[in-house]
1. Under a 1.4 Å probe, what is the accessible area of region 1-82 per residue, stated in Å²?
2. Quick one: which of K3/K94; K3/K62; K3/K250 span more than 29 angstrom between C-alpha atoms?
3. Run the helix sum for the chain: -39,500 (n - 2.57) per DSSP H stretch of 4+ residues, divided by residue count, reported at 222 nm to the nearest 500 deg cm²/dmol.
4. When N counts the residues of the chain, how does its alpha-carbon radius of gyration compare numerically with 2.2 N^0.38 Å, as a ratio?
5. Would you mind working out the accessible area per residue for region 153-255, using a 1.4 Å probe, and quoting it in Å²?
6. What aspartates and glutamates could a cross-link reach from K5, if we take a straight Cα to Cα line under 15 Å and drop same-chain neighbours fewer than 8 places away?
7. Under the classification rounded if a/c is under 1.5, otherwise prolate if a/b is larger than b/c and oblate if not, where does region 149-198 fall, given a ≥ b ≥ c as square roots of the Cα gyration tensor eigenvalues?
8. Show me, for region 73-84, the HN-Hα J-couplings you get by feeding each phi into the Karplus relation (A = 6.51, B = -1.76, C = 1.60, θ = phi - 60°), rounded to Hz, glycine and proline as x.
Amino acid sequence: MDKIKELTDRLDMTRIPRHVAIIMDGNGRWARERMRGRSEGHAEGVNSVHNITRHASDLGIKHLTLYAFSTENWNRPPQEVETLMYLIGWAIRKETPELLANNVHIRLLGEIDRLPEQVRKDLEAGRDATAACDGLNLNLCLSYSSRWEITRAVRRIAEDVLDGRLSAGGIDEKTIASRLSTEDLPDPDLLIRTGGEHRVSNFLLWQIAYSELYFTPILWPDFGQEAFLEALVDYQSRERRFGKTSDQVKEENPN
């Protein structure tokens, strides 16, 4: 608790990132280290989602985007996929009342139509129930991959050009961004990956062009308030230049 207080005191509440994205990695290894089944690791991972969502909301973070199930995860053993789908549906039913109480808005990003019907209904029910909430946006990436998202965006742009709604010469970065799943979201300020891996795994490739990247060896089920605060403190120690020089940044932000 003393460590949490120390980190909280070091945090500049005027510089809290607006958008944090997390690759939640390490559930299976967490279970293996404890000689448990992978399903128990995923269940513990759900608890971490609950805790980090609450902490993000308390800190005033506006957008929290979680990589919950990738397109590539469909290639895992069928029993594990079935367990993950069950946990996703169970968790959203269980958590929706508290999300409502904390003014958290659920958003769904990805190929939601690929999910089992009951899971899809549970997710859509949670999304619809929290539609009026205007606190934290909890963006759940399910059956999502960035290459799928960009391919879909290119297809949409091509259709607009063919139909005469858009000229090829009129295509710019804004055109592409407006066709992505995150079209109305700011790009992530901070991307966190747990579990010790140092890659982005086909996640928000367009959106994280200038995000700060933070990698931690902590496995997702063990990633709690202290670890989250450490990531935020580290983020605030960095200078975000967006291609400019340090002197330019200081001139623009003298304080």
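1. Solvent-accessible surface per residue comes out at 54 Å².
2. Listed pairs above 29 Å: K3/K94; K3/K250.
3. After summing the helix terms and dividing by the residues of the chain, the value is -14500 deg cm²/dmol.
4. Ratio of Cα Rg to 2.2 N^0.38 Å: 1.06.
5. Heavy-atom SASA per residue in region 153-255 reads 57 Å².
6. The reachable aspartates and glutamates, counting only those whose Cα sits under 15 Å from K5, are D58, E226, E230.
7. Here region 149-198 falls in the prolate category.
8. Using θ = phi - 60°, the values come out as 5, 4, 7, 6, x, x, 5, 5, 4, 4, 5, 4 Hz.
The values are calculated or read from the model by the stated rules, or taken from the named source; none is laboratory data. In this text the structure is predicted, and so the values were computed from the model without any measurement. Heads up, the Cβs are rebuilt from the backbone with ideal geometry, glycines too, and the neighbour counts pull from every protein chain shown. Just the protein is used for accessible areas: all its heavy atoms, side chains included, with ligands, DNA and RNA removed. Shrake-Rupley method; radii C 1.70, N 1.55, O 1.52, S 1.80 Å.
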